[in-house]
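See below for the structure under consideration.
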Amino acid sequence: MQKAVDTSIYWFYKLLELLVVFCMVSMVIMVFGNVVLRYAFNSGISVSDEMSRYFFIWLTYIGAMLAMHEGGHLGVDTLVKHLPILGKKVCLFLSEALMLFCNVLFFMGTFKMHELQVTNVSPVVGISMIWIYGIGYIVSVVMAIINLNVLFRLVTGRITEDELVQVIETEGMHDVEKQMQGTKA
């Protein structure tokens, strides 16, 4: 059962990565095509301007989900990495609980704006704006599930000590820290 769940999660995030690539490639084609049409033929496709803007919105939110799944969001670990294990656990709990609260607010905000967005139609493409801003439902639920998973693993003691500090080091930062420690000695 767990293997089936893990496989489903894996393919879900692979689908999100594919959507990011699709949005990016589509945006490049639409914007570049429009530039060529404007300069070479003194015309353009008005739908491409609007659709590239909508793809950018979706790209941003889908990328945020992927970054959260991979632990790639920005973070400051200056204080947290020097705390004892209990302090790291408290900070992780507070961080995840606050993010969960923000995701609940994001979902509620999308829900409250739903009626307005359903009736609001995009000027050029003519689709309901809920197709653009409804991504808030998906993002808030997926990110909330990630938060709940981390909180559950933290409370049940299934989280490792390395996962308590959720900042991923960049390649160069590890070398700089080693050099700094070498100069102090």
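Bear in mind these aren't lab numbers, they're just calculated from the coordinates by the rules spelled out. Fair warning: this is a prediction, and the values are worked out from it, not measured in the lab. As a convention, Cβ positions derive from the backbone with ideal geometry for all residues, glycine included, and neighbour counts pool all protein chains shown.
Taking only DSSP H segments of four or more residues, each worth -39500 (n - 2.57), what value at 222 nm results for the chain once the sum is divided by all its residues, to the nearest 500 deg cm²/dmol? Can you show the working numbers first?
Details: 6 runs with 139 residues, N = 185.
So the helix-based figure for the chain works out to -26500 deg cm²/dmol.
Would you please give the residues with an amide H less than 5 Å from that of Gly75, counting only those at least 5 places away or on a separate chain, with H modeled from the backbone geometry?
Amide H to amide H, under 5 Å and 5 or more residues apart or across chains, Gly75 pairs with nothing.
How would Leu66, Leu164, Leu86, Leu148 line up from fewest to most surrounding beta-carbon atoms within 10 angstrom? Numbers along the way, then the final one.
Details: Leu66 16, Leu164 19, Leu86 8, Leu148 13.
Ascending Cβ contact count within 10 Å gives the list Leu86, Leu148, Leu66, Leu164.
Might you report the magnitude of the Cβ-based charge dipole of the chain about its Cα centre, with Lys and Arg at +1 and Asp and Glu at -1, to the nearest 20 debye?
So the magnitude is around 220 debye.
List, in order, the whole-Hz ³J(HN,Hα) value for each residue of the range 25-33 obtained from phi through the Karplus relation with A = 6.51, B = -1.76, C = 1.60 and θ = phi - 60°; use x for Gly and Pro.
Whole-Hz 3J(HN,Hα) from phi for the range 25-33: 5, 4, 4, 4, 5, 5, 5, 5, x.
What angle, in degrees between 0 and 90 and rounded to the nearest 10, separates the Cα long axis of helix 135-155 from the longest principal axis of the Cα atoms of the chain?
10 degrees
Taking the Cα-to-Cβ direction at Leu18 and at Phe111 and moving 7 Å from each Cα, how far apart do the two end points lie in nm?
That separation, rounded to one decimal, is 3.1 nm.
Which one, Phe22, Phe107, Leu164, is farthest towards the positive end of the dipole of the chain when Lys and Arg carry +1 and Asp and Glu -1 on their Cβ?
Phe107
Can you tally the net charge around Leu83? Count Lys and Arg as +1, Asp and Glu as -1, for every other residue whose Cβ sits under 15 Å from the Cβ of Leu83. Numbers along the way, then the final one.
Details: positive: Lys81, Lys88, Lys89; negative: Asp77, Glu161, Asp162, Glu163.
That sum, taken over residues with Cβ under 15 Å, equals -1.
Between Tyr137 and Ala64, 0.36 nm times their residue separation minus their Cα-Cα distance comes to what? Numbers along the way, then the final one.
Details: separation 73, 0.36 × 73 = 26.28 nm, distance 1.35 nm.
Length gained between Tyr137 and Ala64: 24.9 nm.
Just want the ordering: Tyr137, Tyr10, Tyr61, from fewest to most Cβ atoms lying within 10 Å of their own Cβ. Let's see the in-between values first.
Details: Tyr137 15, Tyr10 10, Tyr61 18.
Listing Tyr137, Tyr10, Tyr61 from fewest to most nearby Cβ atoms yields Tyr10, Tyr137, Tyr61.
So for Ser46, Ser140, Ser128, fewest C-beta neighbours within 10 Å to most, what's the order?
Ser46, Ser128, Ser140
Go through the range 36-41 residue by residue and turn each phi into a ³J(HN,Hα) via Karplus (6.51, -1.76, 1.60, θ = phi - 60°); whole Hz please, and just put x for glycine and proline.
Per residue, the Karplus-derived 3J(HN,Hα) values read 4, 4, 5, 7, 8, 10 Hz.
Keeping to pairs on different chains or 8 or more places apart, tell me how many lysine pairs in the chain have Cα atoms under 27 Å apart.
On the way: Lys3/Lys14; Lys81/Lys89; Lys81/Lys178; Lys81/Lys184; Lys88/Lys178; Lys88/Lys184; Lys89/Lys178.
Lysine pairs meeting the criterion: 7.
So if each residue of separation counts as 0.36 nm, and I subtract the Cα-Cα distance between Val118 and Ile85, what length gain in nm does that give? List each step's numbers first, then the result.
On the way: separation 33, 0.36 × 33 = 11.88 nm, distance 4.80 nm.
Separation in residues times 0.36 nm, less the Cα-Cα distance, equals 7.1 nm.
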